[in-house]
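Please read the structure below before turning to the comments.
The values are calculated or read from the model by the stated rules, or taken from the named source; none is laboratory data. What you see is a predicted model; the values in this text were computed from it and never measured. We place every Cβ from the backbone using ideal geometry, glycine too, and count neighbours over all the protein chains shown. When the accessible area is computed, the model is the full protein with side chains, heavy atoms only, and any ligands, DNA or RNA have been set aside. Shrake-Rupley method; radii C 1.70, N 1.55, O 1.52, S 1.80 Å.
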Amino acid sequence: MTLHSAFASELTWPDYAAAVQDGSTPMLIPLGSMEQHGCHMPLHVDVLLPTEFARRVASEIGALVAPAFTYGYKSQQKCGGGNHMPGTTSLDGMTLVNALKDVIKEFARHGVRKFCMVNGHFENSWFIVEAIDLALRELRWDGITDVKVVVLSYWDFVDQEAITKLYPDGFPGWDLEHGGVLETSLMLALHPELVHLDRAVDVVPASFPPYDVYPVKPELTPAAGTLSSPKEASVEKGHILLEVCTRGIVAALRAEFG
Ligand code: ZN
Ligand code: MN
């Protein structure tokens, strides 16, 4: 059947049920956060980006996209600026684990057997894994043993060739990319009206000691909130990223889901 939307929530229930009940249609779940992304971007960057990757991938492989998780685990200073920043609005780990576990089990009840977690917020990583582990365990107790879950973060599909094009002056590492070239370029390509490049701050890449202290020392986060500079971001770089990550995720899901 032809679905009118890749977004599961836009379907009527009979169309949704017909799409998922035999277990063949993968369900992609974008996971983001509400988190400051510097003075030049909005708080829902980590929601918009994985949702768009999920939409593109879904339309290529015939999957559905679930409503995104719009809150995530607490921002960590070394990869998200820290949870002390205004705007950053986070869940306790157990809340995220329980909510995602519930959602996986609900989709499985409808018939979904192939899942992909499309993560857009680094701090969610291990809580996603915990939710999957608990969901699979409880589904086994219900006699459902054929669920497969792929977990990925879209930036892990950026290959060395793309990194060379994106960072001719040296790659700062994904941790420091918070609000930097990667996210800003993607936002420029997808949602230019939400990016205020004139307000972007050309920060020196943040540097941290090789340990963590809580409560965090706010002065270690650059005042603008990004951990590296967004100044070298561009629409062209955004399109390179869209292409390489979408292609990589499609190949991964074709390999895992057949
Ligand atoms: Zn982000
Ligand atoms: Mn984030």
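Could you tell me what a quarter of the Cα convex hull surface of the chain works out to, in nm² with one decimal place?
On the way: hull surface 56.8 nm².
Value for the chain: 14.2 nm².
What is the Cα coordinate range of segment 127-192 on the first, second and third principal axes, sorted by size from largest, in whole angstrom?
53, 26, 18
Please report, in whole Å³, the volume per residue of the convex hull around the C-alpha atoms of segment 73-193.
Numbers: hull volume 16.8 nm³, N = 121.
So the per-residue hull volume is 138 Å³.
What number comes out for accessible area per residue over segment 24-253 if the probe is 1.4 Å? Units Å², please. Intermediate results must be reported in sequence, preceding the final value.
Numbers: 9970 Å² over 230 residues.
Counting only protein heavy atoms, the per-residue value for segment 24-253 is 43 Å².
Extending each Cα 7 Å along its Cβ direction at Trp126 and Lys231, get the distance between those two points in nm, one decimal.
The modelled label-to-label distance comes out at 3.6 nm.
On a C-alpha basis, how far is the centre of segment 174-248 from the centre of segment 35-52 in Å? Whole number, if you could?
10
222 nm [θ] for the chain, helices only, -39500 (n - 2.57) per DSSP H run of 4+, per residue, to 500? Each step should come with its number before you reach the end.
Values: 8 runs with 104 residues, N = 258.
After summing the helix terms and dividing by the residues of the chain, the value is -13000 deg cm²/dmol.
Using a Förster radius of 25 Å, what is the FRET efficiency between Ser24 and Thr70 based on their Cβ-Cβ separation? Nearest 0.05, please. Each step should come with its number before you reach the end.
Numbers: r = 28 Å, r/R0 = 1.13.
For R0 = 25 Å, the calculated efficiency reads 0.35.
Given H placed on each backbone N at 1.01 Å, which residues far from Leu28 in sequence or on other chains put an amide H within less than 5 Å of it?
HN-HN under 5 Å from Leu28: Leu64, Val65, Ala66, Cys116.
Restricting to lysines 8 or more places apart or on different chains, can you count the pairs in the chain with Cα atoms under 16 Å from each other?
Lysine pairs, 8 or more places apart or on different chains, close enough: 9.
For the chain, calculate the relative contact order in percent as a whole number, restricting contacts to Cα pairs under 8 Å that are 6 or more residues apart.
Values: 491 pairs, mean separation 59.8, N = 258.
With pairs under 8 Å counted, the relative contact order is 23 percent.
Taking the DSSP beta bridges in the chain as the whole, what percent of them are antiparallel, to the nearest 5?
Here the antiparallel bridges make up roughly 5 percent for the chain.
I need the calculated FRET efficiency for the pair Asp15 and Asp156, taking r as the beta carbon distance and R₀ as 30 Å, to the nearest 0.05. The partial results should precede the final answer.
Working: r = 33 Å, r/R0 = 1.09.
For Asp15 and Asp156, the calculated efficiency is 0.35.
Hey, any idea what % of the chain's accessible area is carbon plus sulfur with a 1.4 Å probe?
Details: 6630 of 11960 Å².
Result for the chain: 55 percent of the exposed heavy-atom area is carbon or sulfur.
Tell me which DSSP H helices of the chain clear both cut-offs, 30 Å or more of axial length from alpha-carbon atoms and a mean Kyte-Doolittle hydropathy of at least -1.0. Could you put the intermediate results ahead of the total?
Details: long enough: 235-257 (32 Å, 0.68).
Answer set is 235-257.
Rg/Rh for segment 4-126 to two decimals, with Rh computed the Kirkwood way over all alpha-carbon pairs.
Numbers: Rg = 15.3 Å, Rh = 15.0 Å.
Using only Cα positions, Rg/Rh for segment 4-126 is 1.02.
If a/c stays under 1.5 just call it rounded; otherwise compare a/b with b/c (prolate if a/b is bigger, oblate if not). Do that for segment 112-258, with a ≥ b ≥ c from the square roots of the Cα gyration tensor eigenvalues.
On the way: a/c = 2.53, a/b = 1.51, b/c = 1.68.
Since a/c reaches 1.5 but b/c is at least a/b, the shape of segment 112-258 is classed as oblate.
Normalised by the empirical 2.2 N^0.38 Å for globular proteins, what value does the Cα Rg of segment 186-255 take? Walk me through the numbers before you get to the answer.
Details: Rg = 16.5 Å, N = 70, 2.2 N^0.38 = 11.1 Å.
Relative to the 2.2 N^0.38 Å estimate, segment 186-255 comes out at 1.50.
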